Number of protein chains: 2
Amino acid sequence: MSKQKRFFLTEDEIPRYWYNIQADMKHKPMLPVNPKTHQPMSLDELSTLFARECAWQELNQTDAWIEIPEEVREYYKYYRSTPLVRAYGLEQALETPAHIYFKNESVSPVGSHKLNSALAQAYYCKQEGVTNVTTETGAGQWGCALSYAAKLFGLEAAVYQVKISYEQKPYRRSIMQTFGAQVTPSPSMSTRAGKNILTKCPNHQGSLGTAISEAVELAMTTPEKCKYTLGSVMSHVSLHQTIIGLEAEKQLEMAGEYPDMVFACFGGGSNFSGICFPFMRHNILEGKTTRFIAAEPASCPKLTRGKFMLDYGDEAGYTPLLPMYTLGHNFRPANIHAGGLRYHGAGTIVSQLKKDGLMEAVDVNQIESFEAGILFAKSEGIIPAPESTHAIAACVREANHCKQTGEQKVLLFNLTGHGLIDMAAYDQYLAGNLNNFTPSDAEISMNLDEVKNL
Amino acid sequence: MSKQKRFFLTEDEIPRYWYNIQADMKHKPMLPVNPKTHQPMSLDELSTLFARECAWQELNQTDAWIEIPEEVREYYKYYRSTPLVRAYGLEQALETPAHIYFKNESVSPVGSHKLNSALAQAYYCKQEGVTNVTTETGAGQWGCALSYAAKLFGLEAAVYQVKISYEQKPYRRSIMQTFGAQVTPSPSMSTRAGKNILTKCPNHQGSLGTAISEAVELAMTTPEKCKYTLGSVMSHVSLHQTIIGLEAEKQLEMAGEYPDMVFACFGGGSNFSGICFPFMRHNILEGKTTRFIAAEPASCPKLTRGKFMLDYGDEAGYTPLLPMYTLGHNFRPANIHAGGLRYHGAGTIVSQLKKDGLMEAVDVNQIESFEAGILFAKSEGIIPAPESTHAIAACVREANHCKQTGEQKVLLFNLTGHGLIDMAAYDQYLAGNLNNFTPSDAEISMNLDEVKNL
């Protein structure tokens, strides 16, 4: 009998609500804190930075389901549902009895899951009379998504891209420019935050924290017309990404399966939240026992080696203080190719879930991640983004474990994006020129010491 | 009411037969000719070069439907059906009353339609005990597809890539290498054909014709173990690509529409054949009046300015003589970014159809093609391959015409692939550095004169 490989939903079956896990959590995540007053941020305060609807979602800890605006749903139909794929090729290559599935977010127009939230944020900005949006981007996945969403809703977009990625991945910059965005390598001389950093350290290669500072600063110059948007970390971004897991749940049902373990790469938490929270709901409410694994780079190990504390989301200290697992907002991650994972902290929801033992984290070295990426490319035909390879590597570890034990576990991972723009990284791997990076305990302690009295 | 944007088939609805238009053509295309005997090639003769099953399909002018092997259908499920998309965004941008649809072949694992035939050819080679395959590639779309298909079926692949593309598109080379293929820039010193060309012209930038010569020569060294594969031109390749149009027909039916005009970019004819032949069948058999438009680059205008005559498929003259529209096998097309369209001739079936007035051809300059590409990217979110932009440009012309006349025509084009690997070309366009190229009448005549006594 022929085996079904891919599972799709009809346009009518695409979810109409995002899932807000905050409403179901027993221990609510702490809310963002005003650094001056040390009080939780109010809706008004948060709305100076973000679209008001996003700020409202950020603080919403009571409504489990939030309706997706019709205009956003119409644009979702351009690429959703994304396929849920049974990875027969990978299973065969690993000779594992495990059933491996992946949710293929790489088929979105911009090549990653980031569009799920970009469309929502751009829509809310437009609704509220905003004309300009700013943001930061690392590898450029979020920047591409926001540039395209801004174009669709008639907004001007200014993107600060981490300098190392701007140079490593020139095609991503071109894509943003093709969509009409203005792209600046960060740190730049165009903001106070950028100037300060370049003065202290003229060869600074950039970090997400620095680029956020620059984008926030630009947005704050005309807060009524211009809003800041963020591709991860914040709770409203996690909310928008739950469309991934909600679809996957229905699609797995079509396959007659339910996941034993779910894997996602981890930068700030957007795709992890997206694929995991809808399943985690059943752990919280119905006592299911699915395990959720965040796969972070060993070079930026906020969940496995960071501390839970109040910290800034950006390098210059412009953002609210966030209660989160962090390596310190001055932490400078090594220049790994998975630029989207080079962030010092984890979102507030994920941080609380980790604290409460509702999820796990593992770290993956760069070389292991690319090995997994190549294996996946050869067996499934899709070149994965360097970020996604971390989830694949974690899943491969478990599939190999299943081979030893004979367990037929159902494993699900999120393929956040394709790596077609990242072939230079694959070239380096194939040439044997990739390295692993692991920060020392001393380096991490030093950074955290700077943060502890915020 | 919500408008449906994308149409999919279930795995069970994916066609089980390819459509062989040769069987339904009133004037059959002439068969490939042995240059020594000037007789039509026999099955045995053709089988020294191609897999025997491909050679059989090449010569088959009687069976309208040829079954797709089950193993190939299983691999088709990895990405088929590809979506048929109603281009609401593009329609809105053009303010046209036309209904524009595109078949999105860019979602295949390797990013283009080329996999449809690569899987079939690799499968037949494997079945026949072949261990190695060779081929040429221009932009690299076909090379990537064959490299991946070879990997799936356990074959070694050697790819000669046109030098200008090898240099312009290094990521495509990396993708082929990631799949395990051996990639050589052509012309190379590794074959007699390559050496001869480099001796005459040391700075030769390569052409598809030259790369074919090299791949054919390599295959002929051990014909029992190694077969040559081709990504376009040949009738069996067109056959495999009809899966595109057969799906599109069912999908348009779901949308309650039938195309008035179908547009495809034109290099050797593979995607044109694929999307057009299933619809053309209804013109031939039932008197439908759909118009079929091949959009070729003005720099390589075989259909609009070439002559119908016997010519070689490659520069060195290793292939059979093909009865086709050609610019002469020594024609050196300008270095446009649409590397996949830089071929001197058109397949034998398309050439006969053009001669019989069953299809039309238009030429498109490079700058117009990129203008259309950018418009499409901004309105539909997908960056199209430089090849595909030619089909978009031709469709845009007609959509603009419909705006003038008020006609609500149904227009369908094939999006052969994405342009994510081609962002350097978009950069040049955005910087105003792209040029148009048009060969002079004298240049074309001179080349054709060399061919006329073959």
Which of (1) buried (at least 24 other Cβ atoms within 10 Å of the Cβ); (2) of a type outside the set (S, T, N, Q); (3) touching a Ser or Thr at 6+ places or on another chain (Cβ under 8 Å) is the odd one out, the single condition A:Leu218 does not satisfy? (1)
I'd like to know if segment A:184-205 contains one or more residues that are at pLDDT 95 or above, away from chain B (no Cβ under 11 Å) and under 25 Å from B:Asn104 (Cα atoms). no
How many residues does segment B:107-145 contain that are within 14 Å of another protein chain (Cβ to nearest Cβ), open to solvent by 10 Å² or more (accessible area, probe 1.4 Å) and either over 20 Å from B:Val162 (Cβ atoms) or basic (Lys, Arg) (or both)? 3
Out of (1) in contact with an Asp or Glu (Cβ under 8 Å, 6 or more places away or on another chain); (2) of a type in the set (A, V, I, L, M, F, W, C); (3) part of a strand (DSSP E or B); (4) open to solvent by 10 Å² or more (accessible area, probe 1.4 Å), the odd one out for B:Phe263 is which? (4)
Considering segment A:151-161 alone, what residues qualify as being away from every other protein chain (no Cβ under 14 Å) and either aliphatic (A, V, I, L, M) or surrounded by fewer than 24 Cβ atoms within 10 Å (Cβ to Cβ) (or both)? A:Ala158, A:Val159
Regarding segment A:33-42, can at least one residue be identified that is part of a strand (DSSP E or B) and crowded, with 19+ Cβ neighbours inside 10 Å? no
Filter segment B:336-373 for residues that are open to solvent by less than 20 Å² (accessible area, probe 1.4 Å), part of a helix (DSSP H, G or I) and of a type in the set (Val, Ile, Thr); the one that is nearest to A:Leu119 (Cα to Cα) is B:Val350
Out of (1) at pLDDT below 95; (2) under 19 Å from B:Ser440 (Cβ atoms), the one B:Asn365 does not meet is (1)
Kindly establish whether B:Glu380 is within 14 Å of chain A (Cβ to nearest Cβ), free of Cβ contacts under 8 Å to residues at least 60 places away in the same chain and of a type in the set (D, E, K, R). no
Test for B:Leu246: is it closer than 21 Å to B:Tyr123 by Cβ and either touching a residue at least 40 places away in the same chain (Cβ under 8 Å) or touching a strand residue (DSSP E or B) at 6+ places or on another chain (Cβ under 9 Å) (or both): yes
If we keep only residues of segment A:397-454 that are within 30 Å of A:Ile175 (Cβ to Cβ) and assigned to a strand (DSSP E or B), then the residue nearest to the other protein chains (Cβ to nearest Cβ) is A:His418
Do we have A:Ala64 as within 24 Å of the chain's Cα centre (by Cα) and surrounded by fewer than 19 Cβ atoms within 10 Å (Cβ to Cβ) here? yes
Taking segment B:17-32 on its own, how many of its residues are loosely packed, with under 13 Cβ neighbours inside 10 Å and farther than 30 Å from B:Asp314 by Cβ? 1
With the structure loaded, tell me whether B:Gly256 is open to solvent by 10 Å² or more (accessible area, probe 1.4 Å) and of a type in the set (Gly, Ala, Ser) or whether it fails that test. yes
Have a look at B:Lys378, B:Lys452, B:Lys409, B:Lys403 and point out the one that is farther than 22 Å from B:Thr96 by Cβ and of a type in the set (D, E, K, R). B:Lys452
Being buried (at least 24 other Cβ atoms within 10 Å of the Cβ), part of a loop (DSSP other than H, G, I, E, B) and of a type in the set (A, V, I, L, M, F, W, C) is the filter here; which residues of segment B:313-335 pass it? B:Leu327, B:Phe331
Do we have A:Lys250 as surrounded by fewer than 20 Cβ atoms within 10 Å (Cβ to Cβ) and under 23 Å from A:Ile66 (Cα atoms) here? yes
Residues satisfying the stated conditions in segment B:75-103, i.e. open to solvent by 10 Å² or more (accessible area, probe 1.4 Å), of a type in the set (S, T, N, Q) and either within 11 Å of chain A (Cβ to nearest Cβ) or in a helix (DSSP H, G or I) (or both): B:Gln92
Candidates B:Ser213, B:Ser174, filtered to the one that is within 14 Å of chain A (Cβ to nearest Cβ) and either of a type in the set (A, V, I, L, M, F, W, C) or more than 17 Å from the chain's Cα centre (by Cα) (or both): B:Ser174
Subset of segment A:392-442, residues of a type in the set (D, E, K, R) and either exposed (fewer than 14 other Cβ atoms within 10 Å of the Cβ) or in contact (Cβ under 8 Å) with a residue 60 or more places away in the chain (or both), comes to A:Glu398, A:Lys403, A:Glu407, A:Lys409, A:Asp422, A:Asp441
Residues of segment B:294-312 being within 18 Å of B:Thr389 (Cβ to Cβ) and buried (at least 24 other Cβ atoms within 10 Å of the Cβ), which ones? B:Ala294, B:Ala295, B:Glu296, B:Pro297, B:Cys300, B:Leu303
Looking at segment A:1-10, which of the residues that are open to solvent by less than 30 Å² (accessible area, probe 1.4 Å) and out of contact with any Pro (no Cβ under 8 Å at 6 or more places or on another chain) is farthest from the other protein chains (Cβ to nearest Cβ)? A:Leu9
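The values are calculated or read from the model by the stated rules, or taken from the named source; none is laboratory data. What you see is a predicted model; the values in this text were computed from it and never measured. Note: ideal-geometry Cβ built from the backbone for every residue, glycine included; neighbour counts use all protein chains shown. Ligands, DNA and RNA are stripped out before the accessible areas are found, and what is left, the full protein with its side chains, is counted by its heavy atoms. Shrake-Rupley method; radii C 1.70, N 1.55, O 1.52, S 1.80 Å.
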